[in-house]
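Here the structure comes first, spelled out in structure tokens, and everything after it is commentary.
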Amino acid sequence: MNYTFDFQSITFGPLWEGLIVTLELTTAANIIGIVGGFLLALLIMSPVAVVRMPFMLFVEFFRCTPAIVQIVWFFYCVPMLFNVFLGSMTMGILALGFNLMAFNAEAYRAAIQAVPREQIDAGIALGLNPLQRILYIVLPTAFRASIPVLLTNGIVIFQQSALVAIVAVQDLMYQGKTLATETYRPIETFTVVALIYFAVSFPVTQIVGYLERRRQLLMS
Amino acid sequence: MALDFSIILRFQDALVLGLWMTIKLTLICIVLGCTLGFVVGLARTSRNVLVRAVSSIYVEFFRGTPVLIQLFWIFFCLPLILGVELSNLASGVIALTLYMGAITSETFRASLKSVGPEQRDACVALGLPNRVQITNVILPQAVLRAIPTLLSNCVSLFKESALVSAVGMADLMFVGQNISNNTARPVEVLTVVALIYFAIAFPLTRAVTLVEGRILKKLAI
Amino acid sequence: MSNTAPLVKMRNLHKSYGPHVQVLKGLDIEMKPGERVVVIGPSGGGKSTLLRVMMGLEKIDSGSVTFAGKPYISSESADTKTVIDTDVRRSIGMVFQHYTLFPHLSVLQNLILAPCKVRGEKKASAMQRGQALLERFGLGAKADAYPAQLSGGQKQRVAIARALMLDPKLMLFDEVTSALDPELVGEVEQVILQLANQNMPMMIVTHDMWFAKNIASRVIFCAGGVVVEDGPPEQVLGSPKEERTRDFIDRVFHIKH
């Protein structure tokens, strides 16, 4: 190869601004995802089929279509269908937040259903009423069990947030693309951008790995 | 506003072509990616520190960065570094194969680890040589256990393949966006595109549960 | 070799896990051909380790084992490599507490894997022998079943058949009925008694005193990593000489009654 690297021409100012936007998107989407996902999980576990069905469809739809399709759909179709015009940042947060809500709802549901039957039996044997069983036995166990998956989903949404660059939200990816075009230095720019994403996600995945190992140790 | 889904019928052929590109790309990368993932999964359990380090860095890096930037990097940077022109399809295949290789290597690694030490004890007690232990006992069990997760990985790949539209490959998403821009009918067109993706991915996710149940029932592994 | 020459000769076996846990502290056992040795003793006393060492599954710190007059296992000290003669190892078979059948292979495939791969036996002949063995153990109809479709007792009988396919000169049974439901214990013990009638030499670790009494030609009480008492079953189980043996036997029987 006869390419001469030149990292000098990369200005970190815009990248820094982009990273802030990316982190804002991620944080907001995670708040929606963690809170909304829990409510959604309760709805998809409803014993009433009429309540359950539409929400299950909602979850499955987000899990079974590409995130980029969801985001593009959201940006083009929501304003036309519902006549609402929100800022692109708000749109980005909502699109990512809904996506995360669906994935987190599944995580909560799996964790709640994985609470061993004996635990609930023990609750009955100790005379706890159904609400007490849910509050004191099922939810604390389930919530703790779902933390690693919630963290993983949270970091996935951090990565997926790069997709909003396609609909012109000025996040890290968008700034990287612009910089690459302006400087004619795609290799340096995209490498640096990739490293920034990596530097944020890698520590979190390590923490998840640690939590899971500790959990397995405690269980055995 | 009035919706008119009949508009889709006019672009049926283009959408089918786009879908075909999506499916072709996904299938090629499933085959190449699983092969790569299997080799890398083994490499990560290697005794050689260098082999282990290189394979770990590859996997962590591809799992730790957005697929979109991987794609951009391979489309715009790899040709510069290699000094050769890469066709769109070739770049797409390279990018998605590397992505698939990284996620399936984790699947293979976990399933290899899940074959318990007592299976090795049994092999030793039966005097099975090392090669037979690996090819006839450890690997078949590991692969069987990996199948449900591999299927999920395939669904993920199918979904991520829509990203190639962002670098101008004429897949389903790209064709859909083009039609939507040209007709100014994004609601109808993009909804149909989403439904097509859903119609393929959803049955596959159900199949995962089904296959998992089968394997569990028959082999209890 | 004369008939009374020992089949197994263990000399001064030492084994520890880490610096603080010593499981075998200079174990000496000799076993004659045709003997059926039952090893009893408290948990952590080294019984299972003894069997695992004998199978060549565990390294030892020091000591040696000879089998049918041939050197089998030896190690000078904790820092040296444990030398295990794999040819000798092939004449020993072992059955484990948790069956350890290969879950991805059918019953008959479990049986023929080792004969075909280790001895290069023709598949047809191995299948014939396997089927015959299964018939003998009352499992003829299960040849094509997968382990997950069998009861614990059936699994354990398959595991015994699998080990016998290699015509072992010594069989090791490591708590083979401990994981079974009580009503399934009998069918497995019957199969082992059947082997005993054919004079198969065996070494058995068990908690089942009834079984021990019925199958043993000799009982060894093992505790704290050494042999505490060694003799015919009537003596060790009936009127033990050592205080520790008596304590153990009393406690086991008191729990039973």
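Tabulated results
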| read-out | value |
| --- | --- |
| Condition met for C:ALA148 (assigned to a helix (DSSP H, G or I), over 21 Å from the mean Cα position of the chain (by Cα) and not hydroxyl-bearing (Ser, Thr, Tyr)) | yes |
| Any hit, the stretch A:154-166, residues being touching a Phe, Trp or Tyr at 6+ places or on another chain (Cβ under 6 Å), modelled with pLDDT of 85 or more and under 30 Å from A:TYR197 (Cα atoms) | yes |
| Residue within the stretch A:95-111 that is within 14 Å of chain B (Cβ to nearest Cβ), among the hydroxyl-bearing types (Ser, Thr, Tyr) and crowded, with 21+ Cβ neighbours inside 10 Å present | no |
| Filter result (assigned to a helix (DSSP H, G or I), at the interface with chain B (Cβ under 9 Å from one of its Cβ atoms) and buried (at least 20 other Cβ atoms within 10 Å of the Cβ)) within the stretch A:36-74 | A:ALA67, A:ILE68, A:VAL69, A:GLN70, A:VAL72, A:TRP73 |
| Meets criteria (in contact (Cβ under 8 Å) with a residue 60 or more places away in the chain, closer than 23 Å to C:THR206 by Cα and under 20 Å from the mean Cα position of the chain (by Cα)) for C:GLU35 | yes |
| Yes/no for B:VAL143 being closer than 30 Å to C:HIS104 by Cα, at pLDDT 90 or above, facing chain A (nearest Cβ under 8 Å) and part of a helix (DSSP H, G or I) | no |
| Exclusive hit being more than 14 Å from chain C (Cβ to nearest Cβ), in contact with a Leu (Cβ under 7 Å, 6 or more places away or on another chain) and surrounded by 19 or more Cβ atoms within 10 Å (Cβ to Cβ), set B:LEU172, B:LEU204 | B:LEU172 |
| Qualifying residue in the stretch C:14-35 (condition: among the polar types (S, T, N, Q), more than 14 Å from C:ASP230 (Cα to Cα), surrounded by 15 or more Cβ atoms within 10 Å (Cβ to Cβ) and in contact with a Leu (Cβ under 9 Å, 6 or more places away or on another chain)) | yes |
| Residue pairs meeting the criteria (Cβ under 6 Å; at least 6 apart or on separate chains; first within 8 Å of chain B (Cβ to nearest Cβ) and polar (S, T, N, Q), in the stretch A:183-201; second buried (at least 18 other Cβ atoms within 10 Å of the Cβ) and not in a helix (DSSP H, G or I)) | A:SER201/B:GLY64 |
| Strands (runs of 3 or more DSSP E) contained in the stretch C:47-110 and holding at least 1 residues facing another protein chain (nearest Cβ under 9 Å) and surrounded by 19 or more Cβ atoms within 10 Å (Cβ to Cβ) | C:92-95 |
| Out of B:VAL155, B:VAL132, B:VAL164, sole residue that is surrounded by 23 or more Cβ atoms within 10 Å (Cβ to Cβ) and either in a helix (DSSP H, G or I) or more than 12 Å from chain A (Cβ to nearest Cβ) (or both) | B:VAL164 |
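Matching residues to (1) within 14 Å of chain C (Cβ to nearest Cβ); (2) in contact (Cβ under 8 Å) with a residue 40 or more places away in the chain; (3) in a helix (DSSP H, G or I):
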{"position": "B:LEU78", "(1), (2), (3)": "no, no, yes"}
{"position": "B:ILE81", "(1), (2), (3)": "no, no, yes"}
{"position": "B:GLU85", "(1), (2), (3)": "no, no, no"}
{"position": "B:THR97", "(1), (2), (3)": "no, yes, yes"}
{"position": "B:GLU106", "(1), (2), (3)": "no, yes, yes"}
{"position": "B:ALA110", "(1), (2), (3)": "no, no, yes"}
{"position": "B:ARG120", "(1), (2), (3)": "yes, no, yes"}
{"position": "B:VAL124", "(1), (2), (3)": "yes, no, yes"}
{"position": "B:LEU128", "(1), (2), (3)": "yes, no, no"}
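The values are calculated or read from the model by the stated rules, or taken from the named source; none is laboratory data. Just so it is clear, the structure is predicted and the values come from calculations on it, not from any experiment. Positions of Cβ are backbone-derived with ideal geometry, glycine not excepted, and every protein chain shown enters the neighbour counts.
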